[in-house]
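Asks: If you scroll down you'll find the structure; I have some questions about it.
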Number of protein chains: 2
Amino acid sequence: MRTENAHWLWYPGDFERYHALKQNFSRVERGVGWPAFWKSEGFRQRVVFRRSYTLTADAVFTVHAVTGAVGYVQLDGGKHPFGSPVPCPAGTHRVDVHIGCVSCVPSIFIEGDIIRSDGGWLVEDYDADPVPAAYNRYFADPGRDPSDWAYTERVYEPVSVEAVNGGVLWSFETELTAALEVVGDGTPTVYLGESRAEALDPVGCYDRCAPDPVTRRCPRQALRYAFIPDCAVGDYAVRAIHQYVDIPVIAQFESDDAELNRIFAVAAHTFSLCCGAFMLDGIKRDKWIWGGDAYQSLFVNRYLTADAALERRTLIALSPSEPVRTHVNTIVDYSLLWLLSVEAHCDSYGDASFARSMWPSMRGLMALCLSQRDERGFIVGRERDWVFVDWADFDRDGPLCAEQMLLAESLRVMARFAPDSERTAYERARAALLTAIETHYWDEEKGAYIDAFTSGRRNVTRHANIFAILFGIADDDRCRRLVDTVLHNDDVPAITTPYFRFFELEALCRLGYLDEVMAALRSYWGGMLRLGAVTFWEEYDPAKPLEEQYEMYGDPFGKSLCHAWAASPIYLLARYFVGVRPLVPGGAEYEVKPQTRFFRTLDCVFPMGGRRVRVRLRDGALTVEDAGPIHATEQSDLRPASHDEAR
Amino acid sequence: MRTENAHWLWYPGDFERYHALKQNFSRVERGVGWPAFWKSEGFRQRVVFRRSYTLTADAVFTVHAVTGAVGYVQLDGGKHPFGSPVPCPAGTHRVDVHIGCVSCVPSIFIEGDIIRSDGGWLVEDYDADPVPAAYNRYFADPGRDPSDWAYTERVYEPVSVEAVNGGVLWSFETELTAALEVVGDGTPTVYLGESRAEALDPVGCYDRCAPDPVTRRCPRQALRYAFIPDCAVGDYAVRAIHQYVDIPVIAQFESDDAELNRIFAVAAHTFSLCCGAFMLDGIKRDKWIWGGDAYQSLFVNRYLTADAALERRTLIALSPSEPVRTHVNTIVDYSLLWLLSVEAHCDSYGDASFARSMWPSMRGLMALCLSQRDERGFIVGRERDWVFVDWADFDRDGPLCAEQMLLAESLRVMARFAPDSERTAYERARAALLTAIETHYWDEEKGAYIDAFTSGRRNVTRHANIFAILFGIADDDRCRRLVDTVLHNDDVPAITTPYFRFFELEALCRLGYLDEVMAALRSYWGGMLRLGAVTFWEEYDPAKPLEEQYEMYGDPFGKSLCHAWAASPIYLLARYFVGVRPLVPGGAEYEVKPQTRFFRTLDCVFPMGGRRVRVRLRDGALTVEDAGPIHATEQSDLRPASHDEAR
């Protein structure tokens, strides 16, 4: 029987929530599991798939169900078990597939010439009207269990094997997410490291593993170095089975500047390692789906892979269910950034349907935010909320200005996607909030937005001022003034995290300070390269020597050396330096305006509007050409499969 | 380490929801799984258990987690793995147990002298304030996996082995929920029957099984007869491993009337078979948790086992989560009966805390019901709602009277348990509804409530009139009038289902027609006994011979021969004939008023107010004595374990 154009089917969102649970529970620190500390949304256990067919000839089909499921196939009222062919005579028929599964997502795959699990199925959960069934492009084979994310594998042999400290150290050419294969006697403990120093520190290293006695494989973990103590070279044969999701990189950046080329390549490698089932923060740590990190990753991903499905999986995994009582990752600003993320995704791919599908979560989350406003209309954290914004020395007395900026921007997004009947309320709330921000946070004397007004300290940090620039809260004149009073003012403490540095560099780009941004690329990212980085780090202090770079959060090897938010040069170079910029949501119209003073030659490709745009600069001549469509398998699984058979 | 007074712990409701999923997915019909067709509520996947201790001496404890869980024990900020002893020095400490589990309820058991999983733990789900952790009295051993309901077992040898139809039939003394053990060659298909006729019909019988090749056991199923075709006596050794939850029967009914004694005993046996993890409708079919069935079972259980925990498990399994968008079992009247069930449970055990814990579900469910009112204030079904009331020939044009009666009664319950600020709204809604019922449904000429008023047909059935009596909607005069115009009026179609017959007999008892009820006991339940019943059936038509009794729902063996709602004689005999009746919620004060004209001797015990009340009648003398407390292990798991250690 045919299985082309057939996929495993489930209720929309359940697959993402299920795998997000597994992802967020996968962190291990020194042998101890560390599940993410926020509300974890579950999946539906009982659904029914429904469809009607009008057949011109007899047909036969077989319904496969995920392991552990119970249920039956109902054809015109007769019941048939899963896994057996069901004959269906010509004529009009109704097919219902009833399925319940306690431990994983109730999913089905239907093999058949005509009746098969393609894009025409509806699914119902006995709670709401039926909706189109969802699927994932990686699960298009009845033998591929959708409760287990099956990774693509690639074997890496070590690039060096070295006797050291009484044991053996294996080194790989780059960092991997790999199941280490250890062939030899027994099941030795293997100490893993993103750095050589980490692997050689059996006490301090973040994680370790041991091979399964039968398969000889260790669990999938982040590693570049592996150390086994008390053994000699030759005792064990070790190689790394890199396990990844095959998300093709569309972008290419080649210029006459080798350092920039290398920054782009390492950023692309870093970002690809951090993206699989979801967009993660890092691959050693946390391996969690964070809303703030995901928001920034959208901007990178738009120019690197243009994989819309990856983004949707991530944003669905972060989406709160009704009733919404807590914030995304428990962080108030991550709730607001999730709302901005929905818009960013829709704009990247010109597809507002995603916002419509997320609307119940958006409305519920905004209702929670609005319910937390004080008497002046400012959002404040509740007892167990985390008001983060950044690791910075804010004046945290009373409501924080940066948080209000995010709320105002989120209200704009809500108004944009709201049904007509609900729009005005969001617009009014935003207008009132902007007025209150101006009244309470704008300090004319300092020419800056202050952190907080209740303490009277009038403390200025960069964060709120950067948001005012990015979100258009400050007008052009004020933006220019903020450059002097804040961005170029050394008395205002520097941003210390790459997370917020992304927003600052974006603001500088917007205002045209490209030389400053280019210098930052060379010093910060170029600096990591000069220390031998093969992936970009969670944080980097140019003033410290290599051996002091690994510590973070009070843990000697706590720093992640492969962190998604460090991939921002991809976005900055593509958007502002090569100057490829969409003019309409989705990018069907776009502008290419390279900053030619930075380059003698360029040969770049970026995804835009579903196509590859090739930009070449040579001998002062600029060429822009359409290099063809992004191949279907590189596209999102946005569109349902063929609907062309009779229904 | 000590484990006394320690239990497996979880977030309240999750254990019940998880096992309810398994229960409602356990129905099998002719080899095909049939999961219940309603919204199935899931469980939390990520929680944290929290407690502080002040220790006067050093202590050590070990946290066990359910298989498949990940997490850690945090003691004053340090992380420790599950399964390893954690030393804790004297002093004040905070212990947090973080746990995530995708496929089953995240549960922990803590072994230790002082720090252990007793009643003092709080649990948090990152969505609401921490609440006391929940547990179940059957899971008080670290080796007992709470994701698997471990049944008590009792071996039944067959009472006959008979060569018939070319095969062998094994018969057991009564119906069982058993794993059949089949020792012999191969794994033959075994045809099961609640009746001999069913087991001997390999095509028509409702279910079959085959032994596991290693354990030789078949899955747990309802059976009294087992048939293996094409074999000879001696080829297989068959016995039944009855698997049940040990819920001790408190009640005893012995009188000089052998028929009544037998009715009570068979009813008790029937009901006990139907009660385990939950109160089910039947043991062959549906094996589902239905709200209407559960409501009636509460009245029986109150007099038979007084096991409050069984009731709470059942009512929690039926409770809807927010946002409430669908009805209990999809049935509007079952939603309303669930609300009445909460009150019935609280009254049985004098414990209003259960209503408080259910209040979010109650409020959400009532809000849904009130949202479905038409312009006159009457509740009507939506497109996918099932307005059931009973299998009867109602005039279903427009809103149905019986449904309004249930809504009015439910509004009384809501007003009773509502917080002060919400009470008046329910009271007003009820008053308005009662007025509208009187206006639109009371037919003075017929002296009865009519089914519906929109058609103009003025059709009278018994159902609404019975509810009017039971819920006090009709005053005493009208109740007396309804006896003549409805209950004793042969022109009004008779109730045909035992489900609604329960309500009718209760109404007749309330109004004092005990002779009529006694006659019904002897004809209906006595009639089943005369046909050889060893358990009471889902339905019984005295006019039909035995061989025509097994068909139901168009299925030749579709009828359940062991059905909980057939156990109502327990309640009727205890409450109205032996006359044991609580005077206050919980039964700390009660009345004993036997209808002595029906008995020469009585020796009965019923649970009341947490104690055993023994009622004896001999030689015209009535004795009532307190026969001691219901033993602790027979009690509910209502109270938390000891709190006496320092916290």
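Asks: Using Cα positions and a limit of under 12 Å, work out the aspartates and glutamates in reach of B:Lys22, with same-chain residues fewer than 8 apart set aside.
Replies: B:Glu41, B:Asp148
Asks: Provide the per-residue ³J(HN,Hα) series for segment B:47-61, in order, calculated from phi with Karplus coefficients 6.51, -1.76, 1.60 and θ = phi - 60°, each as a whole number of Hz, with x at glycine and proline positions.
Replies: 9, 9, 9, 9, 6, 10, 10, 10, 9, 8, 9, 4, 9, 9, 8
Asks: Right, next: What dipole magnitude, in Debye to the nearest 20, does chain B give about its Cα centre under +1 on Lys/Arg Cβ and -1 on Asp/Glu Cβ?
Replies: Working: 68 positive and 92 negative charges, 189 e Å.
It comes to approximately 900 debye.
Asks: Please give the solvent-accessible surface of A:Glu322 in Å², to the nearest 10, using a probe radius of 1.4 Å with every protein chain present.
Replies: Counting only protein heavy atoms, A:Glu322 exposes about 80 Å² to solvent.
Asks: Within the accessible area of chain B, what % is carbon and sulfur when the probe is 1.4 Å and the other protein chains stay in place? Before the final figure, lay out the partial values.
Replies: Numbers: 11610 of 23660 Å².
Carbon with sulfur: 49 percent of the solvent-accessible area.
Asks: Here's another thing I want to ask about it. With +1 assigned to the C-beta of every Lys and Arg and -1 to the C-beta of every Asp and Glu, and no other charges, what is the dipole magnitude of segment A:79-133 about the Cα centre in debye, to the nearest 20?
Replies: 240
Asks: Magnitude of the Cβ-charge dipole of segment A:23-134, K/R +1 and D/E -1, about the Cα centre, nearest 20 debye?
Replies: Charge dipole of segment A:23-134: 360 debye, to the nearest 20.
Asks: Roughly how large is the B-A contact in terms of buried accessible area, totalled over both chains, probe 1.4 Å, nearest 100 Å²?
Replies: It comes to approximately 3500 Å² buried between B and A.
Asks: Further question: Could you work out how far the C-alpha centroid of segment B:374-416 sits from that of segment B:250-281, in angstrom?
Replies: Between the Cα centres of segment B:374-416 and segment B:250-281 lies a distance of 33 Å.
Asks: For chain A, what does the relative contact order come out to in percent, with C-alpha contacts under 8 Å and a separation of six or more?
Replies: 14
Asks: In nm to one decimal, list the spacings between the A:Glu548 label point and its equivalents in the other copies, with label points set 7 Å along Cα to Cβ, shortest first.
Replies: For A:Glu548, the other copies' label points sit at 9.7 nm, shortest first.
Asks: Excluding A:Pro188 itself, calculate the net charge of residues whose Cβ lies under 9 Å from the Cβ of A:Pro188, where each Lys or Arg counts +1 and each Asp or Glu counts -1.
Replies: Here the count lands on -3.
Asks: Another one. Residue farthest toward the positive end of the dipole of segment B:73-141, with Cβ of Lys/Arg at +1 and Asp/Glu at -1: which of B:Gly83, B:Cys104, B:His93?
Replies: Farthest along the dipole direction, towards plus: B:Gly83.
Asks: Now for a different question. Averaging sequence separations of C-alpha pairs under 8 Å and six or more residues apart, then dividing by the length of segment B:407-551, give the relative contact order as a whole percent.
Replies: Values: 111 pairs, mean separation 18.9, N = 145.
Reported as a whole number, the value is 13 percent.
Asks: Could you work out the local net charge near A:Val164, counting Lys and Arg as +1, Asp and Glu as -1, over the other residues with Cβ closer than 13 Å to its Cβ?
Replies: With Lys, Arg at +1 and Asp, Glu at -1, the net is -2.
Asks: Just by accessible area at a 1.4 angstrom probe, what is the order of B:Glu548, B:Glu175 from largest to smallest?
Replies: Largest accessible area first, the residues go B:Glu548, B:Glu175.
Asks: Still on this structure: Given the peptides A:311-317, B:621-627, arrange them by the average over their residues of other C-beta atoms within 10 Å, most packed first.
Replies: By packing density, highest mean first, the sequence is A:311-317, B:621-627.
Asks: Just to confirm my numbers, what's the Cα centroid distance between segment A:190-244 and segment A:465-531 in Å?
Replies: 40
Asks: On to the next question. What residue among B:Val159, B:Gly610, B:Thr314 has its Cα farthest toward the positive end of the dipole of chain B, where the charges are +1 on Lys, Arg and -1 on Asp, Glu, each on the Cβ?
Replies: B:Gly610
Asks: Which pairs break 24 Å Cα to Cα here: A:Lys79/B:Lys287; B:Lys287/B:Lys544; A:Lys446/A:Lys544; A:Lys79/B:Lys284; B:Lys39/B:Lys287?
Replies: In this structure, B:Lys287/B:Lys544; A:Lys446/A:Lys544 lie more than 24 Å apart at Cα.
Asks: Further question: Given the peptides A:397-404, A:466-473, B:352-359, arrange them by the average over their residues of other C-beta atoms within 10 Å, most packed first.
Replies: A:397-404, A:466-473, B:352-359
Asks: Can you list, shortest first and in nm, the gaps between the label point of A:Asp113 and those of its counterparts in the other copies, using a point 7 Å from Cα in the C-beta direction?
Replies: 7.7
Asks: Tell me the distances, shortest first, between A:His93 and the same position across the other copies, using label points 7 Å along Cα→Cβ, in nm to one decimal.
Replies: Label-point distances to the other copies, shortest first: 6.4 nm.
Asks: Express in whole angstrom the spacing between the alpha-carbon centres of segment B:546-617 and segment B:331-359.
Replies: 21
Asks: Per DSSP helix of 4 or more residues, -39500 (n - 2.57); summed, then divided by the residues of the protein assembly as shown. What does that give at 222 nm, rounded to the nearest 500?
Replies: -8500 deg cm²/dmol
Asks: Calculate, for segment A:32-185, the solvent-accessible area per residue in square angstrom, rolling a 1.4 angstrom probe over the heavy atoms of the protein chains.
Replies: Normalised by residue count, the accessible surface of segment A:32-185 is 35 Å².
The values are calculated or read from the model by the stated rules, or taken from the named source; none is laboratory data. Since we're looking at a predicted model, the values are computed, not measured. Using ideal geometry, Cβ is built from the backbone for each residue, glycine included, and neighbour counts are taken over all protein chains shown. To get the accessible areas, we keep the full protein, side chains included, count just its heavy atoms, and leave off ligands, DNA and RNA. Shrake-Rupley method; radii C 1.70, N 1.55, O 1.52, S 1.80 Å.
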